[in-house]
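Structure first, then comments.
The values are calculated or read from the model by the stated rules, or taken from the named source; none is laboratory data. Note that the structure is a prediction, hence the values are computed from the model and not measured. Every residue, glycine among them, receives a Cβ derived from its backbone with ideal geometry; neighbour counts consider all protein chains shown. Surface areas here come from the heavy atoms of the whole protein model, side chains and all, with no ligands, DNA or RNA. Shrake-Rupley method; radii C 1.70, N 1.55, O 1.52, S 1.80 Å.
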Amino acid sequence: MRKKERHQLIKKMIAEEKLGTQKEIQDRLELCNVFVTQTTLSRDLREIGLTKVKKNDKVFYVLANETDKIDLVEFLSHHLEGVARAEFTLVLHTKLGEAAVLANIVDKNKDESILGTVAGANTLLVICRDQHVAKVMEERLLDLMRDR
């Protein structure tokens, strides 16, 4: 099966089921006689733009463009490895390859307190309206990260 077809199949699975692990996705693919390594699957998920969300104490994958009505700060806290603030800008550290997907989600779900984002491979800059907004977000992110 070609990569494009595999990506379509994965998207269909994610839309139809609440799959929470790469192993669950890999098992579903194997039921369709599609066999991929964990490395290939991980790359596929990143290229497709899948991310995990938590709703009603269940964690599962969704397409990045289907993250409407989420608590953005809580969502981000589950994906971060570190947070720092410089004036009105937050510097968020992620796993390799996740920053761009998270930037898309922030940009799609932002309100007037966030002006925009800039993403690298594992670093996401969130430009806040002012220092107060950045400080409040930083404190909440750090609290949520400590609680996980």
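Here are the numbers for the structure shown:
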quantity: Test result for LYS11, modelled with pLDDT under 90 and open to solvent by 20 Å² or more (accessible area, probe 1.4 Å); calculated: no
quantity: Unmet requirement for GLY82, which otherwise passes all of (1) open to solvent by less than 70 Å² (accessible area, probe 1.4 Å); (2) not assigned by the TED database to the domain that holds VAL126; calculated: (2)
quantity: Exclusive hit being at pLDDT 85 or above and either within 21 Å of ARG146 (Cα to Cα) or among the charged types (D, E, K, R) (or both), set LEU80, LEU45; calculated: LEU80
quantity: Tabulated pairs, region 117-141, first at negative phi and in contact (Cβ under 8 Å) with a residue 12 or more places away in the chain, second assigned to a loop (DSSP other than H, G, I, E, B) and surrounded by 20 or more Cβ atoms within 10 Å (Cβ to Cβ), C-beta under 8 angstrom, 6+ apart or interchain; calculated: ASN122/GLU98
quantity: Conditions (1) buried (at least 16 other Cβ atoms within 10 Å of the Cβ); (2) in contact (Cβ under 8 Å) with a residue 40 or more places away in the chain; (3) in contact with a Ser or Thr (Cβ under 8 Å, 6 or more places away or on another chain): number failed by LEU19; calculated: (3)
quantity: Residues that are open to solvent by 50 Å² or more (accessible area, probe 1.4 Å), in a helix (DSSP H, G or I) and of a type outside the set (A, V, I, L, M), drawn from region 99-148; calculated: ASN104, ASP107, LYS108, GLN131, HIS132, LYS135, GLU139, ARG140, ASP143, ARG146, ASP147
quantity: Failed condition for ASP27, given (1) modelled with pLDDT of 90 or more; (2) part of a strand (DSSP E or B); calculated: (2)
quantity: Pair list, Cβ under 9 Å, 6 or more apart: region 95-106 residue in contact (Cβ under 8 Å) with a residue 40 or more places away in the chain, other residue of a type in the set (D, E, K, R); calculated: GLY97/ARG43; GLY97/ARG46; GLU98/ARG46; VAL101/ARG46
quantity: Number of the exception - VAL101 against (1) at pLDDT below 90; (2) of a type outside the set (S, T, N, Q); (3) outside the structural domain of LEU142 (by the TED database); (4) within 17 Å of LYS11 (Cβ to Cβ); calculated: (3)
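Yes or no, residue by residue, for (1) on the phi < 0 side of the Ramachandran plot; (2) surrounded by 12 or more Cβ atoms within 10 Å (Cβ to Cβ); (3) touching a strand residue (DSSP E or B) at 6+ places or on another chain (Cβ under 7 Å):
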site	(1), (2), (3)
GLU5	yes, no, no
SER42	yes, yes, no
GLY49	no, yes, yes
LYS58	yes, no, no
GLY97	no, yes, no
